[in-house]
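Worksheet: the structure to be examined is printed underneath.
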Amino acid sequence: MSLKIVALGGTMRPGSSTERALAVACAAARDEGAEVIVFDGTYISHLPHYRGPDWTPDKASELVEAVRGADGILIATPGYHGTVSGMVKNAIDYFEELANDARPYLDGRPVGLIVTAFGHQAANSGMTTMRTIAHALRGWPTPFGAAVKVAADSFHDNGACLDPAVQGQLELVGRQVAQAAGRLG
């Protein structure tokens with residue numbers, strides 16, 4: 001039985017540092033034997049505001065169904081103005097569709113968190129918010145969350161992380177989710 005992990009995150013800019021950071025964590029989870037399904041910035045940028053005027057129950061159905069069947073979750077967000085991006089938060093709001101499930105929201109699942117920002121303050125305050133969101137959704141944030149200060153040159157054009165310490169942090173998040181998946185709850 002393959003463990004299933006849903007990875008969510010990114011920005012409107014393809015290849016952003018947030019998506020590259022998430023890709024490093026996803027690779028580590030795959031190395032642990034997990035199947036990873038990614039919903040990147042391109043996907044989440046097209047989601048209408050949850051339950052807003054353009055919302056219908058079928059919007060984000062792929063995301064909702066993937067999370068419903070997931071053993072673990074990885075979420076990566078840029079730190080915007082001291083918190084998570086609105087785009088990532090909106091995608092998370094779709095998890096409300098899981099409220100009445102036998103296993104509601106993210107109940108009993110490890111949630112690996114990554115926040116990228118140009119400064120330590122935004123990365124750290126964003127991480128606090130992400131941990132609060134994971135708890136509110138009954139998820140288990142992994143012991144390590146990567147609050148990463150990034151710069152324009154943090155990743156190579158091919159997506160490789162250029163800082164070994166940051167690479168190790170991102171890999172640890174992915175490994176912790178994969179190792180805890182299916183064991184909680």
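The values are calculated or read from the model by the stated rules, or taken from the named source; none is laboratory data. Note that the structure is predicted; figures quoted are calculated from it, not measured. Here the Cβ is made from the backbone with ideal geometry for all residues, glycine too, and neighbour counts use every protein chain on show. Heavy atoms of the whole protein, side chains included, go into the accessibility calculation; ligands, DNA and RNA do not. Shrake-Rupley method; radii C 1.70, N 1.55, O 1.52, S 1.80 Å.
Shown are MET12, MET127, whose ranking by accessible area with a 1.4 Å probe and every protein chain present, most to least, is MET12, MET127.
Order TRP55, TRP140, most accessible first, counting only protein heavy atoms with a 1.4 angstrom probe. Can you show the working numbers first?
Working: TRP55 55, TRP140 140 Å².
Of TRP55, TRP140, the descending order of accessible area is TRP140, TRP55.
Ordering ALA136, ASN158, GLY168 by Cα displacement along the dipole of the chain toward the positive end leaves ALA136 in first place; charges were set at the Cβ atoms of Lys, Arg (+1) and Asp, Glu (-1).
Scanning residues 5 or more positions from VAL148 or on other chains, those with amide H under 5 Å from its amide H are VAL115, THR116, ALA117, with H placed 1.01 Å from N in the peptide plane. The residues of region 49-185 have, on average, 48 Å² of accessible surface per residue, using a 1.4 Å probe with all protein chains present.
Within a Cβ distance under 15 Å of GLY82, other residues only, what is the Lys/Arg minus Asp/Glu net charge? Before the final figure, lay out the partial values.
On the way: positive: LYS89, ARG131, LYS149; negative: none.
Net charge around GLY82: +3.
With the simple model of a label 7 Å out from the Cα in the direction of the Cβ, TRP55 to HIS81 spans 2.0 nm. Computed with a 1.4 Å probe over protein heavy atoms only, the accessible area of LYS59 comes to about 80 Å².
Note on ASP153: accessible area is roughly 110 Å² with a 1.4 Å probe, heavy atoms of protein only. Derived scalar couplings between HN and Hα for region 131-139 equal 5, 5, 4, 4, 5, 4, 8, 6, x Hz in order, rounded to whole Hz, by the Karplus curve 6.51 cos²θ - 1.76 cosθ + 1.60 (θ = phi - 60°), x for Gly and Pro. TYR50 sits with roughly 40 Å² accessible to a 1.4 Å probe, with DNA, RNA and ligands left out of the calculation. Semi-axes of the equivalent ellipsoid of region 1-127 are 21, 19, 13 Å, computed as sqrt(5λ) over the eigenvalues of the C-alpha gyration tensor in descending order.
Carbon and sulfur: what percent of the chain's accessible surface (1.4 Å probe)? Answer for the chain: carbon and sulfur cover 53 percent of the accessible area. Taking each DSSP H run with n ≥ 4 as -39500 (n - 2.57) and averaging over every residue of the chain yields -11500 deg cm²/dmol at 222 nm.
If you wrap a convex hull around the alpha carbons of region 69-162, what volume per residue comes out, as a whole number of Å³? Mind dumping the intermediate values first?
Working: hull volume 10.1 nm³, N = 94.
Once divided by residue count, the hull of region 69-162 is 107 Å³.
Karplus-derived 3J(HN,Hα) values for region 51-58, using 6.51 cos²θ - 1.76 cosθ + 1.60 with θ = phi - 60°, are 6, x, x, 9, 6, 9, x, 7 Hz; glycine and proline are entered as x.
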